[in-house]
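Structure first, commentary second.
The values are calculated or read from the model by the stated rules, or taken from the named source; none is laboratory data. No experiment lies behind these values; they were computed from the predicted model shown. Glycine also receives a Cβ, built like all others from the backbone with ideal geometry; neighbour counts cover every protein chain displayed. For the accessible areas, the whole protein counts, side chains as well, though only heavy atoms, and no ligand, DNA or RNA atoms are used. Shrake-Rupley method; radii C 1.70, N 1.55, O 1.52, S 1.80 Å.
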Amino acid sequence: MAASAETAPGREGRTVLEIEGLSVAYRTEEGDIFPVRDVSLTIAKGESFGLVGESGSGKSTLAMGAIRYLPANGRVTSGRVLLRGEDLLSLSDKEMRNVWGSRIAVVYQSPGNALNPSIRTGNQIAEVARIHLGMSKQEAHQRMLEMLEKVKMPDPESVARRYPHQLSGGMLQRCVVAQAMMTNPELLILDEPTTALDVTTQAVVLDLVAELKQEFDSAILYITHDLGVVARVCDRVGVMYAGEFMEQGGIHDLFKRPLHPYTLNLLGCVPHFSLGPRRKTLNTIPGFIPRLDELPEGCIFAPRCSLAEPECRVAQPPLVRAAEDHLTACRRWPVVPTPAEHMATITADLMQARGAAENRLLEARDVKKYYPVPTQGPFRQDKRKVKSVDGMTVWIDEGRTLGLVGESGSGKTTLARTIIGLVEPTEGTISLRGEILGPTTRSRERDVLRRIQMVFQNPDASLNPRQTVGQSIGRPLTLFGTPRHEVPRRVLELLEAVHLSPSYYHRLPSELSGGEKQRVAIARAFAAEPDLILCDEPIASLDVSVQGSLMNLLTTLQAEKGTSYLFISHDLSAVQHLSDWVCVAYLGYAMEWGDAGDVLNPPYHPYTEALLSAIPIPDPDVIQKNIRLEGSVPSAVDIPSGCRFHTRCPRFIGDICIQEEPPWREGEGDHWIYCHHTFEALVEMQKETLRLADHDHGTPGVEVQV
């Protein structure tokens, strides 16, 4: 049964988008499948509606079906879609082309794919004004520059003359947002617009969306799997699962008192940033989203629901109004626990499983990696260097995790590649248990190669598409001396360790989901029984439920095997959850270093302070400090003099920051910062009240004085 499309209280007369009983079908070789079934929602003028759920829930299909922008094998089979009262499903194709771009705009996840690489960026943005607003070339150009200024693009004239490949990811996304807002659309659809961005760029884009919503008063449909982003920018939320709404409600109601077990479980999968390091188990949702051609009887979430009763598997529960503006499709909604009650039943402290650190495992000292500056033409020479890593020193103890954080361009991945030997360092030494290693994999003995493994961000790029899961995991076993007759048994043991059934042994990567591929990559890394695993953004772009499951898996395997990790991520909540030590990198150098409990608690280095301010916390009641860094990370070719962070520092002093390199200052405990400010001075500057949600006790927030 569809949810009622009745306009909720307070939005009468302001409704922009109204979807009633929408169903979408895709034609396949085996017949029609229905990724969206009997779905209804409304969005008012100036309102943001968040659409969340695991991959395969039908979020993007719902949005594209509503605006009739489906692929050739897709079609709307039933329902109504009203834009300001006009039924979009009754319009001709020609009429819909006039609606797209003028009254409806879309911002996609990958801005690089949304822009033509062969046309200058400014011309592509101005084209919208010429086509949909009927402006002259000069008028459209002026309108384009005005919109680039509105999205706070530095030097709009210069950006307009560049091609898309000459812009950073954050600049590209601002261009796409400017293009979408050129016609002041009535409906703006944002489909995962910040997934591929680092935390500071994401914060700027989210601020931009909030400001533009106020200025243009557009209705916004925001599709994401990031619950922290939803809490920051949305007014209402709809939770989708396997093509249906499980719950709809206001942002505060849904986060504080969810009325469906699926919503409750999603909230439990998220690591919450908190004062003080807390390595706790995260909630996981057993099983997977059902295949669309094998939907279960009754409630489609019942096979994965801990509250399910026999009656839940008999009839599909309707979406009912449990409160004034709160809908749920759970027949047992009165007994759904609060998030705090739920976490109290499943959370276990994993710190007890970890013994005291005894020995230094790896040390990378004064590592530099410089690249020649690319030149144009055979006779041009440029003696300058790209200083990707510029004197980094890190170390990792046995059985411990070092979290490495920083914006894109900070040298995190390059440092990891020098450690494993994929990239030869320009200077510096890397030692494993006191033994200095060769600069590349070719100069290292086989046993050294076995002891350091790596899990990459994109498993598709590291798994051979022609090899089965069993072959991929079995290869390091064969390379490092496991007898051939023992390999199948060990592969099955590793599959069990990463919670994959034996049936995966003969599957190809193309038959796996993103989370399953990453589990295979982790199993392959552990196959060699390494001492150290380098994890380079291993959970980026994955569903929140898959992220929680993988973080639990990494923690459990570390406790069982005693393996050390270098964990690289722009997600500081995940870094705090997994790490014992944290290094904050900027332009190839460390800004702050120390115990996670010290580095991620005040007083911070000003750069760390800005990174933490940008974290989207999954709690709408949290009031965060609003520190935004101006501009992008400077070029690694021309690193600023003095303190390399001074061009963007919110705590800039003056000439000393420009002319002199900062000293390393040692704080209490294991905590060092690279800054001209003393710890005492930072304490005084950071003495404002910081509100953070106390997720253990379920209170709206706690005030913490620095």
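Values as computed for the structure displayed
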quantity	calculated
Residue within segment 433-446 that is at pLDDT below 95, open to solvent by 40 Å² or more (accessible area, probe 1.4 Å) and aliphatic (A, V, I, L, M) present	no
Selected residue (criterion: most open to solvent (accessible area, probe 1.4 Å)) from residues of segment 502-533 that are within 21 Å of ARG489 (Cα to Cα) and among the charged types (D, E, K, R)	GLU529
Residue satisfying condition, being at pLDDT 90 or above, open to solvent by 30 Å² or more (accessible area, probe 1.4 Å) and either outside any loop (DSSP other than H, G, I, E, B) or touching a helix residue (DSSP H, G or I) at 6+ places or on another chain (Cβ under 9 Å) (or both), within set PRO602, PRO650	PRO650
Residue check for VAL239: open to solvent by 10 Å² or more (accessible area, probe 1.4 Å) and under 24 Å from the mean Cα position of the chain (by Cα)	no
Checklist (1) under 21 Å from ASP38 (Cβ atoms); (2) without any contact (Cβ under 8 Å) to a residue 60 or more places away in the chain; (3) open to solvent by 40 Å² or more (accessible area, probe 1.4 Å); (4) not in a loop (DSSP other than H, G, I, E, B) applied to CYS312, failing item	(3)
Residues (assigned to a helix (DSSP H, G or I), farther than 14 Å from ARG524 by Cβ and open to solvent by 70 Å² or more (accessible area, probe 1.4 Å)) located in segment 464-491	ARG484, HIS485, ARG489
Residue in segment 167-216 that is nearest to the chain's Cα centre (by Cα), counting only those that are of a type in the set (Ser, Thr, Tyr) and under 27 Å from PRO634 (Cβ atoms)	THR195
Out of ILE285, ILE251, sole residue that is open to solvent by 10 Å² or more (accessible area, probe 1.4 Å), in contact (Cβ under 8 Å) with a residue 24 or more places away in the chain and either under 30 Å from ASN601 (Cβ atoms) or among the acidic types (Asp, Glu) (or both)	ILE251
Residues (of a type outside the set (A, V, I, L, M, F, W, C) and either open to solvent by less than 10 Å² (accessible area, probe 1.4 Å) or outside any loop (DSSP other than H, G, I, E, B) (or both)) located in segment 37-57	ARG37, ASP38, SER40, THR42, SER48, GLY50, GLY53, SER57
Filter result (outside any helix (DSSP H, G or I), among the acidic types (Asp, Glu) and surrounded by fewer than 22 Cβ atoms within 10 Å (Cβ to Cβ)) within segment 161-207	GLU186, ASP191, GLU192
Matching residues in segment 220-264 - criterion: being within 27 Å of PRO296 (Cα to Cα), in contact with a His (Cβ under 8 Å, 6 or more places away or on another chain) and assigned to a helix (DSSP H, G or I)	LEU254, LEU264
Exclusive hit being part of a strand (DSSP E or B) and open to solvent by 10 Å² or more (accessible area, probe 1.4 Å), set VAL106, VAL128	VAL106
Single match in VAL622, VAL584 (criterion: outside any helix (DSSP H, G or I), of a type in the set (A, V, I, L, M, F, W, C) and in contact with an Asp or Glu (Cβ under 6 Å, 6 or more places away or on another chain))	VAL584
Residue within segment 375-389 that is open to solvent by less than 20 Å² (accessible area, probe 1.4 Å), modelled with pLDDT of 95 or more and not in a loop (DSSP other than H, G, I, E, B) present	yes
Index of the failed condition, GLY134 passing every other in (1) modelled with pLDDT of 90 or more; (2) open to solvent by 50 Å² or more (accessible area, probe 1.4 Å); (3) at negative phi	(3)
Set GLY548, GLY594, GLY562: member being within 19 Å of ALA610 (Cα to Cα) and either out of contact with any Phe, Trp or Tyr (no Cβ under 7 Å at 6 or more places or on another chain) or open to solvent by less than 10 Å² (accessible area, probe 1.4 Å) (or both)	GLY594
Single residue of ILE658, ILE673 found to be open to solvent by 60 Å² or more (accessible area, probe 1.4 Å), in contact with a Ser or Thr (Cβ under 9 Å, 6 or more places away or on another chain) and among the β-branched types (Val, Ile, Thr)	ILE658
Subset of segment 109-125 (residues that are crowded, with 18+ Cβ neighbours inside 10 Å, among the hydrophobic types (A, V, I, L, M, F, W, C) and in a loop (DSSP other than H, G, I, E, B))	LEU115
Whichever residue in segment 86-101 is over 30 Å from the mean Cα position of the chain (by Cα) and not in a helix (DSSP H, G or I) and, among such residues, is surrounded by the most Cβ atoms within 10 Å (Cβ to Cβ)	LEU91
All positions within segment 290-309 that are over 26 Å from ALA25 (Cβ atoms) and either charged (D, E, K, R) or open to solvent by 60 Å² or more (accessible area, probe 1.4 Å) (or both)	SER306, GLU309
Failed criterion for THR194 (all others in (1) among the hydroxyl-bearing types (Ser, Thr, Tyr); (2) modelled with pLDDT under 90; (3) touching a strand residue (DSSP E or B) at 6+ places or on another chain (Cβ under 8 Å) hold)	(3)
Residue check, HIS570 free of Cβ contacts under 8 Å to residues at least 40 places away in the same chain, open to solvent by 10 Å² or more (accessible area, probe 1.4 Å) and either among the hydrophobic types (A, V, I, L, M, F, W, C) or touching a Gly at 6+ places or on another chain (Cβ under 9 Å) (or both)	no
Qualifying residue in segment 140-160 (condition: open to solvent by 30 Å² or more (accessible area, probe 1.4 Å), part of a loop (DSSP other than H, G, I, E, B), in contact (Cβ under 8 Å) with a residue 40 or more places away in the chain and under 19 Å from GLY631 (Cα atoms))	yes
Residues of segment 60-81 satisfying the condition of being open to solvent by 20 Å² or more (accessible area, probe 1.4 Å) and either assigned to a loop (DSSP other than H, G, I, E, B) or closer than 25 Å to GLN214 by Cα (or both)	SER60, MET64, ARG68, TYR69, LEU70, PRO71, ALA72, ASN73
Qualifying residue in segment 394-407 (condition: assigned to a strand (DSSP E or B), open to solvent by 50 Å² or more (accessible area, probe 1.4 Å) and among the aromatic types (Phe, Trp, Tyr))	yes
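Yes or no, residue by residue, for (1) in a helix (DSSP H, G or I); (2) small (Gly, Ala, Ser); (3) more than 28 Å from LEU264 (Cα to Cα):
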site: HIS499; (1), (2), (3): no, no, no
site: ARG519; (1), (2), (3): yes, no, no
site: PRO530; (1), (2), (3): no, no, yes
site: VAL546; (1), (2), (3): yes, no, no
site: ALA559; (1), (2), (3): yes, yes, no
